[in-house]
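I have placed the structure first, in the form of structure tokens, so that the comments after it can refer back to it.
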Amino acid sequence: MTSDTVTTDPYADARVRELLAGRLADPFAFLGPHDEDGVRIVRSFQPGAVAVDVLARQGHSLLGQLTPIGEDGLFAGPLSSDGPYLLRIHWPEAVQETEDPYSFGLLLGELDLHLFAQGAHWQLAERMGAARIEIDGVEGVRFAVWAPNARRVSVVGDFNSWDGRRHPMRLRHQAGVWELFVPRLTAGARYKYELIGADGQLLPHRADPLARASERPPATASVVPQRFSMRWTDSDWMAERAGRQSVHAPITIYEVHAPSWLRPEHDPAGVLDWKALAERLVPYVSDLGFTHLELLPIMEHPFGGSWGYQPLSLFAPSARFGQPHEFAHFVDAAHRAGLGVILDWVPGHFPTDPHGLAQFDGTALYEHADPREGFHRDWNTLIYNFGRREVQGFLIASALYWLETFHVDGLRVDAVASMLYRDYSREPGEWVPNQFGGRENLEAIELLRRLNTTIAERAPGAITIAEESTAWPGVSAPVQDGGLGFQFKWNMGWMHDSLIYMSKEPIYRRWHHNEMTFSLLYAYSERYILPLSHDEVVHGKGSLYGRMPGDVWQKRANLRAYYAFMWTHPGKKLLFMGGELGQPSEWSHDGEVEWHLLDDPAAAGLQRLIGDLNRLYARLPQLHASDFDPCGFSWVVGDDYANSVFAYVRRCADLAPVLVLVNLTPQTHKEYRVGVPLPGYWRELINTDAACYGGSNVGNDGGVQTRPVACHGYSQSLTVTLPPLAATIFQLEREPDAPLS
């Protein structure tokens with residue numbers, strides 16, 4: 001169609017029919033400027049417009065007036081100059097001036113496309129999705145999305161009345177990426193992608209997989225983000241982070257579901273935003289002596305009841321709490337308070353919502369096509385195709401985005417076991433073996449090793465933590481040694497066994513004694529975190545308090561003793577919110593922590609104990625520096641089944657040893673003799689039965705002197721009083737120059 005044929009039947013041109021039908025696969029071959037028969041022609045599709053003029057970008061002189069081609073909004077005409085131009089669009093009630101999206105050249109560089117195709121582009125968040133940029137002095141938004149099997153992709157939004165014919169995109173064939181620059185579009189604009197799938201069917205509008213901002217659920221549109229600009233004040237923290245998070249450091253983690261930690265006053269259904277959380281949550285956790293905050297997934301997710309574990313936007317902080325830059329300020333505030341920030345991150349699966357990743361371009365793109373590999377029946381979710389390079393790159397780029405852009409200190413990788421095993425939660429015949437006939441998911445193993453290797457290279461000092469519930473070997477071993485490369489692994493076995501023991505009535509505990517000691521047989525096989533997480537206080541399990549036997553006093557006493565056992569057991573610590581109060585009710589994501597319990601001195605005493613345990617744990621290297629060294633722990637009494645007593649020593653280098661005594665019966669054991677490695681005065685540091693914690697105040701008057709009476713293989717021993725349902729922690733006092741042996 002040239003300037004001298006504009007009066008002929010416009011619909012004779014197949015490209016016009018495709019444009020009007022929303023089927024134009026190569027819009028840059030038809031729309032925008034073209035030289036035809038020595039004449040520069042511009043075509044612009046503006047349905048609903050009255051007229052379209054073309055102006056010089058410099059000086060705004062008139063270069064041409066486009067002629068309507070038919071009655072559907074297509075305009076075309078010759079220009080008197082070949083310089084940069086503007087479109088002046090006359091609408092029935094307004095006049096708009098803007099640059100022509102189809103007058104701009106290629107947007108993504110060849111290196112961008114190559115790295116993406118190789119699964120090795122670590123700045124995907126900046127290069128794909130929606131990014132505000134400037135081209136030739138023109139500000140606007142560059143959109144880029146991976147959809148290699150789509151026949152046509154358009155960006156739609158409020159700015160074009162959600163009409164997929166208005167902004168069809170250009171396909172970069174070598175990577176299957178579609179791109180378009182929309183001039184003068186600003187931050188805050190809502191958008192999605194409209195795709196025609198491989199089979200020619202129009203698909204539901206898709207949210208942007210690389211969106212960095214989104215609407216607040218239940219709305220589902222992506223949002224053009226503001227340019228990220230942050231003046232960080234955490235340089236001291238970042239410089240010290242590697243040491244603060246090493247295997248020798250004290251690490252105690254307060255796990256939080258941000259919406260239900262505390263509700264806004266007078267709004268029981270509302271949530272605190274990042275600013276309010278920085279003002280309330282950060283000082284609370286810091287004052288309790290925790291070293292880290294761990295947030296259940298904050299990546300945007302459509303259903304709040306999934307707690308974030310079914311995310312669809314792995315690059316967008318949930319709009320429930322505010323803007324992305326406000327999350328950065330929250331992290332900065334945590335660092336200033338001496339707190340690390342860990343995020344739960346879900347690379348194993350994603351939900352099937354029609355605006356999400358499922359069959360994104362009409363084919364199984366992010367997921368496996370075979371449901372035996374690609375569908376999680378437990379959660380009704382889809383499993384990422386870990387063997388596809390672009391998907392691997394997408395997931396690793398997401399992890400790096402949180403660590404690099406927001407200074408997040410660690411990622412707790414969810415449901416690792418479901419990734420490692422092809423037969424996870426499947427019966428025989430319901431899964432596909434690997435190439436060697438085995439059940440191991442070799443592609444997932446490669447992803448996890450590559451993830452951890454890349455994080456170590458690009459985010460020094462950051463940590464990764466595996467929620468892995470099986471005996472897979474080497475989860476926290478270095479990749480070069482054949483491991484998966486995580487820094488830490490949750491000790492699900494310790495959690496399971498110890499909670500079973502603690503739930504028993506004391507009279508029956510003697511027959512379950514080994515469930516408290518068994519964990520020491522494998523405590524050094526991995527670098528473990530001991531978790532009392534959200535998973536232990538939902539789905540009918542009751543609260544930690546509710547799982548303790550006995551009356552109200554005994555329940556709290558059991559819990560106090562259990563926490564002391566946990567804090568002195570090898571391994572880093574994690575406690576879910578509300579556990580520090582001993583709240584009776586099971587956690588509900590629709591409620592909040594039962595803060596009214598603090599009016600009860602016993603609950604306040606339990607909270608005080610958690611703070612004291614945290615501070616003691618951080619102060620004494622004996623309790624943390626040798627967590628993963630067998631020399632740092634030794635049983636003194638591990639077989640007193642009849643009395644349900646446990647005694648052990650924690651050590652570190654040449655520091656004075658720490659003795660822990662735990663009595664898990666409601667009887668006071670007076671004159672209980674226990675051997676100790678060295679003579680001297682052993683001062684009582686913490687007694688969970690102290691009145692200030694809500695206990696009965698039975699104890700040892702501050703400490704005990706050894707006597708030269710052999711016991712438990714030692715030449716020296718103590719005669720102590722063991723309070724009921726309580727733990728006591730002692731440390732040897734000595735003159736500064738006195739030898740330890």
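Each reported figure results from applying straightforward, stated rules to the coordinates on display, with no laboratory input. No experiment lies behind these values; they were computed from the predicted model shown. Glycine also receives a Cβ, built like all others from the backbone with ideal geometry; neighbour counts cover every protein chain displayed.
Spin-label model, Tyr11/Leu521: points 7 Å from Cα along the beta carbon direction are separated by 8.1 nm. Between the C-alpha center of the stretch 536-554 and that of the stretch 231-281 there is a gap of 27 Å. Computed over every Cα-Cα pair of the stretch 190-345 and binned at 10 Å starting from 0, the pair-distance distribution P(r) comes out as 10, 34, 33, 15, 6, 2 percent. Amide H contacts under 5 Å for Tyr384: His349, Phe350, restricted to partners 5 or more places along the chain or on a different chain, H placed in the peptide plane at 1.01 Å from N.
Which net charge results when you count Lys and Arg as +1 and Asp and Glu as -1 among the other residues whose beta-carbon is under 11 Å from that of Leu442? Net local charge, Leu442 excluded: 0.
Highest mean packing comes first when the peptides 26-35, 432-441, 578-587, 541-550 are listed by Cβ atoms within 10 Å, giving 578-587, 541-550, 26-35, 432-441.
Report the percentage of all Cα-Cα pairs in the stretch 617-741 whose separation exceeds 21 Å, rounded to a whole percent.
On the way: 2830 of 7750 pairs.
More than 21 Å apart: 37 percent of the Cα pairs in the stretch 617-741.
If you look at the Cα atoms of the stretch 172-277, you get an Rg and a Dmax of 20.9, 58 Å.
The calculated P(r) of the stretch 447-593, using every Cα pair and 5 Å bins from 0, goes 2, 9, 17, 18, 17, 14, 10, 8, 4, 2, 0 in percent.
Rounded to a whole number of µm²/s, how large is the Stokes-Einstein D of the stretch 566-609 at 10 °C and 1.306 mPa s, given Rh as the Kirkwood radius over C-alpha pairs? Please list the in-between numbers first.
On the way: Rh = 11.6 Å.
It diffuses with D of about 136 µm²/s by this estimate.
Principal semi-axes of the equivalent ellipsoid, √(5λ) from the alpha carbon gyration tensor of the stretch 498-569, are 21, 16, 11 Å from largest down. When the charge dipole of the chain is built from unit charges on Cβ atoms (+1 for Lys and Arg, -1 for Asp and Glu) and taken about the Cα centre, the candidate among Ala219, Leu718, Gly109 whose Cα reaches farthest toward its positive end is Leu718.
Each residue of the stretch 178-188 was assigned a 3J(HN,Hα) from its phi angle through the Karplus expression (A = 6.51, B = -1.76, C = 1.60, θ = phi - 60°), giving 9, 9, 6, 9, 9, x, 6, 6, 10, 4, x Hz with x at Gly and Pro.
Can you tell me what percent of all Cα-Cα pairs in the stretch 274-331 are more than 16 Å apart?
Values: 797 of 1653 pairs.
I get 48 percent for the Cα pairs in the stretch 274-331 exceeding 16 Å.
Mind checking the dipole of the stretch 204-282: about its Cα centre, +1 per Lys or Arg Cβ, -1 per Asp or Glu Cβ, Debye to the nearest 20?
Values: 10 positive and 10 negative charges, 51 e Å.
Dipole size: approximately 240 debye.
Taking Lys and Arg as +1 and Asp and Glu as -1, the other residues whose beta-carbon sits under 14 Å from that of Gly591 total -4.
Gain in length, Phe303 to Arg389, computed as 0.36 nm per residue apart minus the alpha-carbon separation, to one decimal in nm?
Working: separation 86, 0.36 × 86 = 30.96 nm, distance 2.87 nm.
Extending this stretch completely gives an extra 28.1 nm.
The Cα center of the stretch 400-419 and the Cα center of the stretch 590-665 differ in position by 29 Å. The H on the amide N of Ala726, modeled in the peptide plane, is under 5 Å from the matching H of Asn663, Thr665, each at least 5 residues off or on a different chain.
Quick check for me: using +1 on Lys/Arg Cβ and -1 on Asp/Glu Cβ, what's the dipole size of the stretch 633-741 about its Cα centre, in debye to the nearest 20?
On the way: 7 positive and 10 negative charges, 22 e Å.
The dipole of the stretch 633-741 has a size of about 100 debye.
Kirkwood analysis of the Cα pair distances in the stretch 1-108 returns a hydrodynamic radius of 14.1 Å. Using C-alpha pairs below 8 Å separated by at least 6 residues, the relative contact order for the chain is 8 percent.
Above 36 Å lies some portion of the pair distances; for the chain, what is it as a whole percent of all C-alpha pairs?
When all Cα pairs of the chain are counted, 51 percent exceed 36 Å.
What is the dipole size for the chain, taken about its Cα centre, with +1 at each Lys and Arg Cβ and -1 at each Asp and Glu Cβ, in debye to the nearest 20?
Values: 64 positive and 90 negative charges, 285 e Å.
Charge dipole of the chain: 1360 debye, to the nearest 20.
Computed 3J(HN,Hα) for the stretch 374-385, one whole-Hz value per residue from the Karplus formula 6.51 cos²θ - 1.76 cosθ + 1.60 where θ = phi - 60°, is x, 10, 8, 5, 4, 10, 6, 10, 9, 9, 4, 7, glycine and proline marked x. For a straight C-alpha distance cut-off of 23 angstrom, the lysines reachable from Lys670 (same-chain residues fewer than eight places away being disregarded) are Lys555. Modelled spin-label separation between Glu326 and Ala120, with each label point placed 7 Å from Cα along the Cα-to-Cβ direction: 4.0 nm.
What number results when the radius of gyration of the stretch 345-491, computed over Cα atoms, is divided by 2.2 N^0.38 Å? Each step should come with its number before you reach the end.
Details: Rg = 15.1 Å, N = 147, 2.2 N^0.38 = 14.7 Å.
Taking the Cα Rg and dividing by 2.2 N^0.38 Å, one obtains 1.03.
Here's how it looks for Gly703: its modeled amide H is under 5 Å from those of Glu684, which are all 5 or more places away or on a different chain.
When the charge dipole of the chain is built from unit charges on Cβ atoms (+1 for Lys and Arg, -1 for Asp and Glu) and taken about the Cα centre, the candidate among Pro148, Phe45, Leu499 whose Cα reaches farthest toward its positive end is Leu499. Extension gain, Ala239-Ser696: 0.36 nm per intervening residue step, less the Cα-Cα distance, totals 160.0 nm.
Once Rh for the stretch 101-167 is found with the Kirkwood sum over Cα pairs, what is the Stokes-Einstein diffusion coefficient at 25 °C and 0.890 mPa s, in µm²/s? Walk me through the intermediate numbers first.
Working: Rh = 13.5 Å.
For the chosen part, D equals 181 µm²/s.
Quote the FRET efficiency, to the nearest 0.05, computed for Asn514 versus Asp26 with a Förster distance R0 of 60 Å and r equal to the Cβ-Cβ distance. My answer for the efficiency is 0.30. For the stretch 263-271, backbone phi angles converted through the Karplus equation (6.51, -1.76, 1.60; θ = phi - 60°) give residue-by-residue couplings of 8, x, 4, 6, 9, x, 9, x, 10 Hz, Gly and Pro being listed as x. Here the convex hull built on the C-alpha positions of the stretch 365-441 has a volume of 109 cubic angstrom per residue.
Within the same chain, aspartates and glutamates fewer than 8 places from Lys541 are excluded, and of the rest, those with a Cα less than 12 Å from its Cα are Glu586.
What does the helix-only formula give at 222 nm for the chain: each DSSP H stretch with n ≥ 4 adding -39500 (n - 2.57), the total divided by the residues, and the result rounded to the nearest 500 deg cm²/dmol? Before the final figure, lay out the partial values.
Details: 16 runs with 154 residues, N = 741.
It lands at -6000 deg cm²/dmol.
Each of Ser246 and Ile445 was given a label point 7 Å from its Cα along the Cα-to-Cβ line. The distance between the two points is 3.1 nm.
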